[in-house]
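Colleague: First the structure, which I've put down as structure tokens, then a few questions once you've had a look.
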Amino acid sequence: MKTPTLFLLAALVTTLTLTAQAANKSVTSGTVTETGQSYDNISSSSTSALTVTGNQTLYRGTDINLDSSQNNQYGAEVGANAGLALTGGTVTTSNTRGHGIHLYGNNAHATLDRVTISTEGRGARGLFLENHATFTGTDLFIHTSGSAVNVSGTVFNAFGIFLTEYSSGTLLSATEDGNFIATTGDGARGIQVEENSTFTGSNITISTTGTGAHGLSVAAYGTANVSELYISTTGVGAWGIRVEDHSTLTGTNLNLGSSSLRNAYGLHLSGSSVANLTDGYIYTSGSAADGIELGNSSTLRVNNFNIFTYGNNAAGLRIDSAATASVADSSFTTSGSAAHAIAVTGSGSTLRELDTATVLKTTGANAHAISVTGSAALTLGAGLNAVLPNNIAVTGSDSAVLHVAGGGTLTLNNVALSPYAASQLGADSWFLRVGPDGHGLINGALDTAGGNLWIESTGTLSVDTAAATVVSATG
């Protein structure tokens, strides 16, 4: 039996209606709910694939696909007091400053669940929030690929997530895989939080490739609170986490790794910023690739962290330029020439707290467990907040458990080297090395457990004769 021609035509029209991709979509009032739609801006160079504006306007979509191929236009754009809620679906852009999702203005908000965002183009950001915007994301996949672009003196980098001007964001996870962010391009960031913005997130994996491409960057009074954060960076000067300019980082269960390239720090903290870290690992590989580098009056408190560096001049922890660190129950292991476990340098820098449970291990030549230089001052001793740890291993030639030089001052109050640490000294290693222009002061008892003292030209070691006793020291 033949099917009536009219029925065939109706079926064809229905099929075309379901499969055809619409042009761009603009929602300006009320609540719009859709499933399975696709929008693009191929035919329009002056609008995004999806635009949501107007007071209390909301677009709610499931398995929506947005595609933007125009410069300076986006997959989705949400204005002040408007909202976007996406479950599943994809957002794809492919041109200069073609951000995936852009939220701007007071109370512009988005809720994103299992959305995939992919951008390809100079300065194209995956998720961009500015001027008091906010978002909550769950199990997102974000990938950006593109170099920076300079527009009228302002540089736009291809960030995975960018929060600025009092914006806020939260990343949650409902699955084991969690959230994934990958960037490819010089100067890119997995997540950038700045200008009084705040970010909270858990179960996040970040991968960056490119010179100066940091995993998480917090700047200009920004705040980040993260847990279960896994970062891998590949590039010269690409840091796992950067915190600067009066910003704050709180982190638990972090795993940071950098490539075998120079100056690729695990964590860089500067500009009167503060970081509190609990439970985690840092791995760096490359010359001058410190595990943690502190500078410019920053403050660090770290507990139960394990730090490994592989490279010459790559310190486990470097405290510089009036920075302060407090260390508890952590370990610093370095492999490289002049790669100190802890280096304190610069006027005003100090190691405020150090406990006996912390582990310090170095294997390279001139790689000291604790080194004090550059007008820094450090006091270690029984009854103080900073004491000499029991588990120390120094095996490289001309390396020392304690080292002071270059205008630094090291004061030892009733210090004793543990028998274990003494047994781990290399044949050409020292207990205390006072280098050129270094100043050492012994107060109370000093037990080197047979370790040698080395005082170099223009170095000085003073003994408080009223209360000092040097036990079993040679050299």
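Colleague: Give region 27-41 a look and list any residue that's closer than 15 Å to Val91 by Cα and open to solvent by less than 40 Å² (accessible area, probe 1.4 Å), or say none.
Modeller: Ser38, Tyr39, Asp40, Asn41
Colleague: Next up: Kindly evaluate Leu269 against the criterion of being of a type outside the set (Lys, Arg) and under 12 Å from the mean Cα position of the chain (by Cα).
Modeller: So Leu269 fits the description; yes.
Colleague: Given the criteria over 14 Å from Leu50 (Cα atoms) and among the aliphatic types (A, V, I, L, M), does Ala76 qualify?
Modeller: Here the answer is no, as Ala76 does not meet what is asked.
Colleague: For region 42-72, what are the residues that are crowded, with 19+ Cβ neighbours inside 10 Å and out of contact with any strand residue (DSSP E or B) (no Cβ under 8 Å at 6 or more places or on another chain)?
Modeller: Gln70 - this is the single residue of region 42-72 that is crowded, with 19+ Cβ neighbours inside 10 Å and out of contact with any strand residue (DSSP E or B) (no Cβ under 8 Å at 6 or more places or on another chain).
Colleague: Provide a single number: the residues in region 313-333 that are more than 26 Å from Leu261 (Cα to Cα) and of a type in the set (Gly, Ala, Ser).
Modeller: Within region 313-333, residues that are more than 26 Å from Leu261 (Cα to Cα) and of a type in the set (Gly, Ala, Ser) number 3.
Colleague: Applying the selection to region 214-252, what residues are at pLDDT below 95, within 13 Å of the chain's Cα centre (by Cα) and aliphatic (A, V, I, L, M)?
Modeller: Scanning region 214-252 gives a single hit, Ala238.
The values are calculated or read from the model by the stated rules, or taken from the named source; none is laboratory data. Since the model is a prediction, treat every value here as computed from it, not as a measurement. Quick reminder, even Gly has a Cβ in these numbers, built from the backbone with ideal geometry, and neighbours come from all protein chains shown. Note: areas computed on protein heavy atoms with side chains; ligands, DNA, RNA excluded. Shrake-Rupley method; radii C 1.70, N 1.55, O 1.52, S 1.80 Å.
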